[in-house]
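Input: a single structure, listed below in structure tokens.
The values are calculated or read from the model by the stated rules, or taken from the named source; none is laboratory data. Computed from a predicted model, the values in this text were never measured in an experiment. Glycine gets a Cβ as well: all are built from the backbone with ideal geometry, and neighbour counts include every protein chain shown.
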Amino acid sequence: MTLVRRVAHPLLASMFVLRGVDVLRNPSPYALKAQKVTPWVQRVAPQLPDDAETLVRINGAAQLAGGLLLATGRVPRVSATVLATSLVPTTLAQHRFWEETEPEAKSNQRRHFVKNVAILGGLLLATVDTEGQPGLAWRTRHAGGELQSSGRRFVSRARREAKTAAREAKHEAKLLKAQLA
């Protein structure tokens with residue numbers, strides 16, 4: 001892992017660790033705001049509970065676990081995916097700037113909304129960061145090409161060897177014919 005990743009992962013994860021702890025300690029204020037997105041969550045993931053406080057606790061636990069995993073460099077792509085997934089409903093519940101009527105509150109909520117969108121962008125980059133190694137999709141695409149190349153080389157070599165064997169057999173036949181005559 002490069003120095004940049006060793007520094008960037010904990011920095012990106014810090015917000016989620018702190019927020020996860022805060023939500024798990026005191027979910028009530030978050031649950032009040034989450035009630036507005038609970039019906040949307042139910043449509044997207046009907047297997048989740050419909051109680052806002054339980055959803056907030058699940059989200060907080062996911063953020064805490066994902067943040068700790070990302071900060072320590074363990075399964076960074078998976079943990080970044082979990083954090084990105086948990087950030088969407090959090091942002092939609094907590095920073096509803098379009099509902100604010102007071103200009104200062106609206107501006108503040110918009111700023112936090114955009115901040116979370118920017119963090120989401122960083123998380124999305126972390127989900128596809130293969131640390132300089134080819135990813136699974138690349139390996140899958142190129143495995144077929146390598147297999148084709150290997151097959152072509154095998155066929156070409158087999159043809160060459162067959163021609164050589166045929167020439168040698170013809171030569172041996174001429175020698176045998178000359179010996180018999």
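The residues listed here are ALA84, ALA65; of these, the one that is surrounded by fewer than 21 Cβ atoms within 10 Å (Cβ to Cβ), within 18 Å of VAL117 (Cα to Cα) and among the hydrophobic types (A, V, I, L, M, F, W, C) is ALA84. The C-beta contact set for the range 112-138 (first residue in contact (Cβ under 8 Å) with a residue 12 or more places away in the chain, second residue of a type in the set (Asp, Glu), distance under 9 angstrom, 6+ apart or interchain) is empty.
If you check THR91 against the conditions, is it touching a helix residue (DSSP H, G or I) at 6+ places or on another chain (Cβ under 6 Å) and of a type in the set (Val, Ile, Thr)? Write out each step before concluding.
Numbers: touching a helix residue (DSSP H, G or I) at 6+ places or on another chain (Cβ under 6 Å): yes; of a type in the set (Val, Ile, Thr): yes.
Taking the combined requirement at face value, the residue satisfies it.
Condition check for HIS95 on (1) within 19 Å of GLY121 (Cα to Cα); (2) touching a residue at least 24 places away in the same chain (Cβ under 8 Å); (3) touching a Phe, Trp or Tyr at 6+ places or on another chain (Cβ under 9 Å): one failure, at (2). Output yes when any residue across the range 116-131 is modelled with pLDDT under 90, in contact with a Ser or Thr (Cβ under 8 Å, 6 or more places away or on another chain) and under 30 Å from ARG77 (Cα atoms), and no when none is. Yes; the residues of the range 116-131 include at least one that is modelled with pLDDT under 90, in contact with a Ser or Thr (Cβ under 8 Å, 6 or more places away or on another chain) and under 30 Å from ARG77 (Cα atoms). Inspection of the range 77-90 identifies no residue that is of a type in the set (Lys, Arg) and at pLDDT 95 or above.
Looking at LEU32, LEU12, LEU64, which is the one that is under 14 Å from LEU123 (Cα atoms), assigned by TED's automatic domain parsing to the domain that holds ILE119 and not aromatic (Phe, Trp, Tyr)? Quick ask: steps written out before the conclusion?
Values: LEU32 fails: under 14 Å from LEU123 (Cα atoms); LEU64 fails: under 14 Å from LEU123 (Cα atoms).
Just a single option satisfies the conditions, and that option is LEU12.
None of ARG110, ARG96, ARG139 is out of contact with any Leu (no Cβ under 9 Å at 6 or more places or on another chain), at pLDDT below 90 and charged (D, E, K, R) except ARG139.
Listed here are the residues, each with its yes/no results for (1) more than 22 Å from ALA34 (Cα to Cα); (2) outside the structural domain of ARG19 (by TED's automatic domain parsing); (3) assigned to a helix (DSSP H, G or I); (4) over 17 Å from the mean Cα position of the chain (by Cα).
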| position | (1), (2), (3), (4) |
| --- | --- |
| THR91 | no, no, yes, yes |
| THR101 | no, no, no, yes |
| ARG110 | no, no, yes, yes |
| THR140 | yes, yes, yes, no |
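Could you identify the single residue in ARG77, ARG19 that is assigned to a helix (DSSP H, G or I), crowded, with 18+ Cβ neighbours inside 10 Å and in the same structural domain as ALA118 (by TED's automatic domain parsing)? Steps first, answer last, please.
On the way: ARG77 fails: crowded, with 18+ Cβ neighbours inside 10 Å.
Within the list ARG77, ARG19, the selection yields ARG19.
Taken over the range 120-162, the criterion of being under 22 Å from GLY66 (Cα atoms) and either in contact with a strand residue (DSSP E or B) (Cβ under 8 Å, 6 or more places away or on another chain) or hydrophobic (A, V, I, L, M, F, W, C) (or both) is satisfied by LEU120, LEU123, LEU124, LEU125, ALA126, VAL128, LEU136.
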